[in-house]
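Chemist: Encoded as structure tokens, here's the structure I'll be asking about.
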Amino acid sequence: MRKYLYQSLVCFILLAAGIIPAQVYGTVNSFSDTTVERLMNHFLFREVCTDINRKLKTISAKEVDRLLYYHNKISLAQLRIRNLDSALAMAKVSLSLIPRSKDSVLIADAWRITAYAYNNAGNLDSALFYTQLMLGYAERKGDEKQLRNALVSMATIMNQNRQFNQALKYNRSAAALTRKIHDTLNYALGGYNLGLTFQNLQQYDSSLFYLKNAKDAAIKTRQMDLLIYIYGAMADLYLSTGNETERKKYLLLAKTEAEKMGNSQFLAMFTSNLMQDALEKKNYAEAIRYAKEAQLHLSKQPYPVLQVRIDSMSWVAYNKMGDLAHAMECLLAFQRGKEMLVSGQQKGQLDKMALTLDVKEKDLTIANQNLEIAQKKRRIEVLSLLFLLAVLMTIAMFIYFVNMRSFRRKLFLKEKELDQFTVDVRNWMEWKNTQKRDIETVEAFKDVAGDETVSEVQIQAALFTELREVFERQKLYLDPELNLKTVIRILGTNKKYLYKAISENSNNNFRAFINRYRVDEAKRLIEQKILIKDELDLSEIYAAAGFNSLVSFYRAFKLVTGLAPKHYADEARRELKQEAGKKG
């Protein structure tokens with residue numbers, strides 16, 4: 001719980017350090033106040049608020065762009081000094097001015113500030129809505145800086161939703177854009193974002209690397225307020241790794257910088273962390289000293305959540321010291337503060353503020369409603385299109401399936417016709433052998449007819465006939481190690497004659513000739529397995545058919561039949577069912 005306290009109070013105040021001066025963003029507005037820009041760039045945010053509040057009294061309601069500019073700037077300044085309610089209120093005023101402004105840069109800047117303010121308020125739905133508007137603007141205008149700002153806001157939303165991997169992706173994209181546009185003032189910011197996200201992912205080495213780089217860059221560019229967050233993040237990192245010495249060192253550094261800036265909430269926050277450390281070490285007197293210091297800071301800039309935490313720790317410290325009177329006093333204060341937070345006694349102040357802005361927000365509400373209606377209409381159109389595409393894809397897949405099944409059926413029937421033809425040829429050869437009308441070997445043929453009367457075609461035909469008879473009779477193809485030399489030796493011929501006999505009489509080569517026999521054997525085995533309803537194991541089939549590997553079996557089967565063994569088996573089953581149906 002203590003590990004994430006600093007992050008919960010600080011990490012998203014700058015929206016993963018997404019809030020930086022106008023010069024860092026490089027915003028060029030149609031209206032700009034050099035005094036305000038100078039104060040922002042020197043981090044004098046209270047002076048910015050004072051200067052703008054004075055000028056707002058003299059501006060006419062018709063000067064929409066000036067009003068929009070000043071409210072954007074004062075909202076940003078209020079965020080930087082942690083007046084979060086005021087920051088959101090000013091952002092809402094900016095939104096109410098948008099319908100009357102035609103300055104797209106000022107409008108986009110208002111979306112940016114509003115997204116940041118809603119992020120700080122924990123209203124992530126609204127933050128996401130305005131971040132999406134920023135993304136749309138950046139894409140339309142090709143504004144890479146605004147795109148970077150939107151990516152940082154997205155990363156902040158993802159961090160708050162504990163989707164740290166997504167946050168890392170957005171932060172990396174933002175850092176890449178920062179390098180691309182050579183925004184040197186933003187290098188510290190990018191390093192802080194990455195360091196914090198890596199810390200959430202518990203990748204502490206990477207986190208320390210980026211935080212150290214961010215620290216050096218922040219010191220170099222004198223971004224001292226950002227340096228406070230970096231020191232705080234490093235303190236949390238060392239807490240996670242169990243290095244109490246380094247943790248306390250960076251807490252004190254953060255406290256020192258907060259003192260320089262005069263930010264009482266930061267001082268109270270870091271002092272409360274030191275108080276927690278003292279409690280853990282059972283140094284109760286030191287814990288009380290830190291508690292009194294934190295109370296002093298909160299008296300200047302109240303923060304109820306932190307006040308409740310300090311009261312609870314003070315009660316523990318006084319109780320351990322035996323000071324029961326002060327312990328009871330702190331316990332009662334803790335209970336009152338907790339009840340105030342739970343019951344929402346601050347609601348009255350917020351309601352009053354909301355009532356003041358209600359009239360100005362009506363135009364914005366109408367605009368947002370129109371935008372939502374347009375978005376819903378687009379969503380319906382997109383969903384309809386997706387549904388239509390899904391239907392078309394389903395139909396296309398069905399047609400493809402039917403055509404593929406029909407094609408496989410045709411291939412199977414063609415293969416069966418070829419099988420029948422092969423049977424007919426084999427029967428004819430057996431009849432011829434019975435009638436002794438054919439010669440047994442090529443040499444016997446030569447003896448009968450004489451070398452001069454025997455043509456080369458006849459020799460090749462006789463040799464091919466003998467080859468088929470040997471294969472049919474001895475089933476040489478079932479031997480996986482069968483090679484050309486073995487066949488030549490059996491036939492008593494040579495390589496040249498054998499190759500030519502096969503190519504001229506079968507339009508195949510030696511390997512294809514053998515594979516044809518093996519595939520026929522595999523088909524016979526598959527059909528036999530199906531007929532007796534035995535389990536079909538292709539690893540048994542390929543070995544029994546004479547193939548030396550499953551891969552070569554699949555390749556040869558598909559090449560010869562046009563079908564994979566499994567598809568051939570499916571068609572064979574269908575054929576068997578059809579024949580059974582006819583008989584029934």
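Chemist: Using every pair of alpha-carbon atoms in the range 544-584, split the distances into 5 Å bins beginning at 0 and state the percent of pairs per bin, rounded to integers.
Modeler: 6, 22, 19, 19, 12, 10, 7, 4, 0
Chemist: Expressed in nm to one decimal, what extension gain is obtained for the pair LYS62 and ILE488 from 0.36 nm per residue of sequence separation less their Cα-Cα distance?
Modeler: Numbers: separation 426, 0.36 × 426 = 153.36 nm, distance 10.45 nm.
Separation in residues times 0.36 nm, less the Cα-Cα distance, equals 142.9 nm.
Chemist: Under a plain spin-label model, where a point goes 7 Å from the Cα along Cα-to-Cβ, how far apart in nm are LYS338 and GLU481?
Modeler: 8.6 nm
Chemist: Here is a follow-up. Would you mind giving the three semi-axes, in whole Å and largest first, of the ellipsoid equivalent to the range 2-262 according to its Cα gyration tensor? Each step should come with its number before you reach the end.
Modeler: Numbers: eigenvalues 183, 79, 50 Å².
Gyration-tensor ellipsoid for the range 2-262: 30, 20, 16 Å.
Chemist: Report the percentage of all Cα-Cα pairs in the range 240-336 whose separation exceeds 23 Å, rounded to a whole percent. Don't skip to the answer; put the middle values down first.
Modeler: On the way: 1100 of 4656 pairs.
When all Cα pairs of the range 240-336 are counted, 24 percent exceed 23 Å.
Chemist: Quick one: Karplus J couplings for the range 378-394, per residue in order, coefficients 6.51, -1.76, 1.60, θ = phi - 60°, nearest Hz, x for Gly and Pro?
Modeler: Along the range 378-394, the couplings run 5, 4, 5, 4, 5, 5, 5, 5, 5, 5, 4, 4, 5, 5, 4, 5, 5 Hz.
Chemist: For the pair ILE532/LYS282, report the inter-label distance in nm, with labels modelled 7 Å from Cα in the Cβ direction.
Modeler: Inter-label distance under the simple model: 8.3 nm.
Chemist: Further, regarding this structure: If each residue of separation counts as 0.36 nm, what is the full-extension length gain between GLU579 and LEU44 once their alpha-carbon separation is subtracted? Intermediate values should be presented prior to the final figure.
Modeler: Details: separation 535, 0.36 × 535 = 192.60 nm, distance 9.28 nm.
Separation in residues times 0.36 nm, less the Cα-Cα distance, equals 183.3 nm.
Chemist: For a Förster distance of 56 Å, can you work out the FRET efficiency between the beta-carbons of GLU417 and LEU124, rounded to the nearest 0.05? Numbers along the way, then the final one.
Modeler: Working: r = 69 Å, r/R0 = 1.23.
Once the sixth-power term is evaluated, E becomes 0.25.
Chemist: Can I ask one more? Using the basic label-point model (7 angstrom from Cα toward the beta carbon), what is the ASP216 to GLN301 distance in nanometres?
Modeler: 3.0 nm
Chemist: If I stretch the segment between SER173 and ARG100 completely, what's the gain in nm (0.36 nm per residue apart, minus their alpha carbon distance), one decimal?
Modeler: Additional length available on full extension: 22.9 nm.
Chemist: Now, a different point. Mind listing the phi-derived Karplus ³J(HN,Hα) values for the range 263-277, rounded to whole Hz, using 6.51, -1.76 and 1.60 with θ = phi - 60°, and x for any glycine or proline?
Modeler: Values, residue by residue: 8, 5, 5, 4, 4, 5, 5, 5, 5, 5, 5, 5, 4, 4, 4 Hz.
Chemist: Quick one: 3J(HN,Hα) in Hz for the range 525-539, Karplus 6.51/-1.76/1.60 with θ = phi - 60°, rounded, Gly and Pro as x.
Modeler: Values, residue by residue: 5, 4, 5, 5, 4, 5, 5, 8, 6, 8, 5, 8, 10, 5, 5 Hz.
Chemist: With 18 Å as the limit, write out which pairs from LYS416/LYS523; LYS145/LYS220; LYS92/LYS300 have Cα-Cα distances beyond it, or answer none.
Modeler: LYS145/LYS220; LYS92/LYS300
Chemist: Which order, highest average first, do 73-80, 488-495, 32-39, 274-281 follow once you tally other Cβ atoms within 10 Å for each residue and take the mean per peptide? Numbers along the way, then the final one.
Modeler: On the way: 73-80: 26.8, 488-495: 13.1, 32-39: 15.2, 274-281: 18.4.
Answer by packing, highest mean first, reads 73-80, 274-281, 32-39, 488-495.
Chemist: For a Förster distance of 35 Å, can you work out the FRET efficiency between the beta-carbons of GLU504 and ARG405, rounded to the nearest 0.05? Don't skip to the end; give the middle numbers.
Modeler: On the way: r = 38 Å, r/R0 = 1.07.
The formula returns an efficiency of 0.40 here.
Chemist: Normalised by the empirical 2.2 N^0.38 Å for globular proteins, what value does the Cα Rg of the range 473-549 take? Kindly include the intermediate steps, with their values, before the conclusion.
Modeler: Details: Rg = 14.6 Å, N = 77, 2.2 N^0.38 = 11.5 Å.
Dividing the Cα radius of gyration by 2.2 N^0.38 Å gives 1.27.
A short reminder: the numbers here are calculations on the coordinates, not readings from a lab. Computed from a predicted structure; not experimentally measured. Glycine gets a Cβ as well: all are built from the backbone with ideal geometry, and neighbour counts include every protein chain shown.
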